[in-house]
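Taking it in order: structure first as structure tokens, then the write-up.
FYI, it's all coordinate maths here, none of it is from the lab. Small disclaimer: the values here were computed from a predicted structure and weren't measured. Virtual Cβ from ideal backbone geometry, glycine too; neighbours counted across all protein chains shown.
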Amino acid sequence: MRSISVLALVAALPALALPAHALAADVDAPTEVDQIVITAGRTADKLSEVPVAMTIITAETLRQRQVVVVSDILSRTPGVSVTRNGGVGGSTQVRIRGAESEQTAVLIDGVKLNDPSSTGGGYNFATLLAGDVSRIEVLRGPQSTLWGSQAIGGVVSMITKTPDGPLSGDATVEGGSRATAYGRAGVGAGGDWGGWRLAAGSYTTAGISNFDQAMGGKEKDGYHNTSVSGRLDVNVTRDIALDARASYAASRNEFDGSSPAPPYGPSDSSEYGKTKELVSYLGGRLSSFDGALKSRLGFSYTQTDRDNYDPTLTPAKTFDARGTDSNLEYQGTWTINPTWRAVFGAATDRSWFRTASFPYDPTGSRHAVSMDSVYGQLQAKPAEGLTLTGGVRHDDHDTFGGATTYQAGATWTPNGGATVFRANYGEGFKAPSLYQVYSPYGDPNLKPEEAKSWDVSVEHSLLDRRLRGSITYFSRDTKNQIDFLSNNTPPNYGGYANTAKTKADGVEIEGSFEVNALLTLSANYTNMDAINKSAGPNYGKDLARRAGESAAANADLSLPNGLTGGISLQYVGHSFNNASNSQRLKSYVLTDVRIAYPINDTFELYGRIENLFDQQYETIRTYGTLGRGAFAGVRAKF
């Protein structure tokens, strides 16, 4: 692993104060004994009984950090790196532990988000705003046994607000630099019968030049996003419940196209894209055998439409794509007795895509694939403080065939929870995307990408859990990774093939310290080697755009009069923009400060300055990044 930089070591000091583990408890609630998490086992589990490495971002964290763009808070999470093509709205990649962006499984209320029409079939975080999200669970390491394809790097799971109690609502309005304006509102109610909630939001910004201003970019690229969502839960009887959810977002992002002459990088242009995303779910739940068996049957449907335009051309449309995914799934959770529990299920999934570019490929490609899956995981508690889990999954794809993945893990709390040891082995796979199989560059004989990973960790708490820390070591090997291979053979001059191998290993450190009732400190640090293991000239070199070091630190202050404030530091070490490591991206430090004050029980004023010292940096070569920005707003609850 890499040597630890002084800045990163300082940022991680709260975690280095004691032994720790990588399955982080919420650093913003250090006195909480044991949270309940959902994503790790597809059912409610105590955090201390989950063997996989995960970080929880709570509603309070989202409120304190004044989060608008989800990828911004993810970039400060251990083991996670984020790159973006320019300002807000530009194509955004989230990589977990050095895996590819399309190897991250993304969920919202359990529904997997992906774009079957994109090149790698992954999810673009560009359009994802915090909106009605109340909690984010980030699982690190391969998770395909329970979550199927794409979960090689890990899982990002978002959980939206649940209606509860009498009619109530909340709203946020803010504005600031770069002609940015953001507003959102939600209202709902719930009771013994169930509940309902409706929410809507809008975001707009004049943006920056996606083509780096330092390289001559002058024309600003704006972004606009409007979203609506709703959910309905109905308790038909004590043992039967129905639920329906839907969300829709429409966005417009301006971007800079590529120069037609060397070096073929981005250049100022008037091009723009429109994206429409629909996520829907309809399901039912049944509790039987006095609650010992809980069953869920659900159908989800997602659709992504993307269109690009160049106003200087006639016709203006240059790209047209649509991807849909429909999934029918049964899941059962059987509490056999206090010692044994089983989670099992079966699913059938159908993905379809259409894509065309103008004027070069107006007919484009369209195709569909199906995949059937069965999975099961058994949890045992054979002794006090010891939890064991093991799982297996088999997926049958109608093109590449079958894939079987395994998982095994253990947690041990020998002294009532002050110390928790964890060990986990997990496997992941990613099915070839529709584009990689059926586009003019595709190959129907591609194999799925496969990964094997293990990690060990320890957590410890002191001072009545006011001081907590965690440390983990992880290692992952990926094979059959799909890359585009260039050649001199017309008409495509290349195509996709299973040629790449990668390896990633490293250490993640996290910690928090509730100094007193007024001040809480928290920090994390990641030291990682993500290496190309493919035969050829790039063997042994760093994978592109993955920093070897990253760290984040937070200080949160809460005064008796209700005034709250804080400061956040983010350090990202150097990385390389390309596979040959000939283009180096410099390390950088970002500083944010924030403050909030409740006027009364209904209204709260808040403000923040992002990138306080106007740090100039790049996450992708020749693409601009956001400089200093100031924002202020008001939040209301009623």
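Phi angles across the stretch 457-465 convert, under the Karplus curve 6.51 cos²θ - 1.76 cosθ + 1.60 with θ = phi - 60°, into 3J(HN,Hα) values of 7, 9, 10, 9, 10, 9, 6, 6, 6 Hz, Gly and Pro given as x. Sorting 121-129, 149-157 by average packing, meaning the other beta carbons within 10 Å per residue, from highest down gives 149-157, 121-129. Across the stretch 526-541, coupling constants 3J(HN,Hα) worked out from phi with the 6.51/-1.76/1.60 Karplus curve, θ = phi - 60°, read 10, 10, 9, 10, 10, 10, 7, 10, 7, 4, x, x, 9, 4, x, 8 Hz, and Gly and Pro carry x. The Cβ shell under 12 Å around Leu74 holds other residues with a net charge of +3, Lys and Arg each +1, Asp and Glu each -1.
What is the packing order of peptides 185-196, 94-105, taking the mean over residues of other C-beta atoms within 10 Å and listing the highest first?
Listed from highest to lowest mean packing, they are 94-105, 185-196.
Taken about its Cα centre, the chain carries a charge dipole of roughly 380 debye when the Cβ of each Lys and Arg holds +1 and the Cβ of each Asp and Glu holds -1.
What does the net charge come to around Ala241 if you take all other residues with beta carbon closer than 10 Å to its beta carbon, with K and R at +1 and D and E at -1?
With Lys, Arg at +1 and Asp, Glu at -1, the neighbours total 0.
Residues whose amide H lies under 5 Å from that of Gln150, counting only those 5 or more places away or on a different chain, are Phe429, Lys430, Ala431; hydrogens are built 1.01 Å from N in the peptide plane. Rg then Dmax, both in Å and based on the Cα atoms of the stretch 6-637: 23.8, 72. Converting phi to 3J(HN,Hα) with the Karplus coefficients 6.51, -1.76 and 1.60 and the offset θ = phi - 60°, the stretch 436-450 yields 5, 9, 10, 6, x, 9, x, 9, x, 9, 4, 9, x, 6, 10 Hz in sequence order, with x at every glycine or proline. When only alpha carbons are used to place a centre, the stretch 454-523 and the stretch 56-114 end up 13 Å from one another.
When only Cα pairs below 8 angstrom with a gap of at least 6 residues are kept, the stretch 6-637 shows a relative contact order of 15 percent.
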